[in-house]
Amino acid sequence: MRAAAISTSRLDKMPGMFLSANPKELKGTDHSLLDDKTQKKRPKTFGMDVKAYLRSMIPHLESGMKPSKSKDLLSADEVKQWSESLEKLLANQTGQDVFGNFLKSEFSEENIEFWLACEDYKKTKSDLLHCKAEKIYKAFVQSDAAKQINIDFRTRESTAKKIKAPTPTSFDEAQKIIYTLMEKDSYPRFLKSNIYLNLLNDLQANSLK
């Protein structure tokens, strides 16, 4: 099955999609995940964002564009696999982006942002662990964090102690709680959302042309 282009008319019906932050940017000091709560405001315009985003991944057949590498394409089969498990969804970069923007529409994007930050943190060199641990803790874990995640008091206190002598597993307990929260709460709604269903339906329809 070949990857398909999504029509402009259908794109206009897809609510609230735009690019989410790349976790690799946590290495910088001004990462968007660490911004204040103003990012919680839902964007009023998104049409051009979603069109440009999807066209960067899917060759637009009407324009005659040809992909340079097959891995750059988004196929219906790939998107369908996202429904198999949250693990498969989050293992895919595009899946992270689409799910992240669904969470933004529900004002709970801090969950995936924290999860991605933890994934990036685990790959951090030992001499940089302390600095990055402090950033993640202040952004998501401490009681007055701008994007405070929903974890219990014991886990919050335990994490605070762990980052005083940080290791790659310092946030594992909190990350597991947030993963379970997304898996049981947000993920099932995502699979029924217009953001996911419109994308999947368009790819399936166009693949038959």
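Is there a residue being among the acidic types (Asp, Glu) and part of a loop (DSSP other than H, G, I, E, B) anywhere in the stretch 112-123?
From the stretch 112-123, those among the acidic types (Asp, Glu) are 113, 119-120; that's our starting set.
Now restrict to residues that are part of a loop (DSSP other than H, G, I, E, B): none.
Scanning the stretch 112-123, I find no residue that is among the acidic types (Asp, Glu) and part of a loop (DSSP other than H, G, I, E, B), so the answer is no.
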Qualifying residue in the stretch 119-139 (condition: free of Cβ contacts under 8 Å to residues at least 40 places away in the same chain and either touching an Asp or Glu at 6+ places or on another chain (Cβ under 8 Å) or aromatic (Phe, Trp, Tyr) (or both)): yes
Residue identified as touching a residue at least 24 places away in the same chain (Cβ under 8 Å), assigned to a helix (DSSP H, G or I) and either touching a Pro at 6+ places or on another chain (Cβ under 9 Å) or of a type outside the set (A, V, I, L, M, F, W, C) (or both) among SER83, SER170, SER186, SER108: SER186
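Restrict the check to the stretch 149-164 and report whether at least one residue is out of contact with any Gly (no Cβ under 6 Å at 6 or more places or on another chain), at pLDDT below 95 and farther than 30 Å from LEU199 by Cα. Reasoning before the result, please.
If we filter the stretch 149-164 for residues that are out of contact with any Gly (no Cβ under 6 Å at 6 or more places or on another chain), which is where we start, we get 149-164.
Subsequent filtering for residues that are at pLDDT below 95 retains none.
Scanning the stretch 149-164 turns up no residue that is out of contact with any Gly (no Cβ under 6 Å at 6 or more places or on another chain), at pLDDT below 95 and farther than 30 Å from LEU199 by Cα.
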Those residues of the stretch 170-196 which are more than 19 Å from GLU87 (Cα to Cα) and among the hydroxyl-bearing types (Ser, Thr, Tyr), in sequence order: SER170
Subset of the stretch 143-158 [surrounded by fewer than 18 Cβ atoms within 10 Å (Cβ to Cβ) and either in contact (Cβ under 8 Å) with a residue 40 or more places away in the chain or of a type in the set (Ser, Thr, Tyr) (or both)]: SER143, ALA146, THR155, SER158
The one condition in (1) part of a helix (DSSP H, G or I); (2) surrounded by 13 or more Cβ atoms within 10 Å (Cβ to Cβ) that LYS161 fails to fulfil: (2)
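The values are calculated or read from the model by the stated rules, or taken from the named source; none is laboratory data. Please read all numbers here as calculations on a predicted model, not as lab measurements. Reconstructed Cβ throughout: ideal geometry from the backbone, glycine too, with neighbour counts over all protein chains shown.
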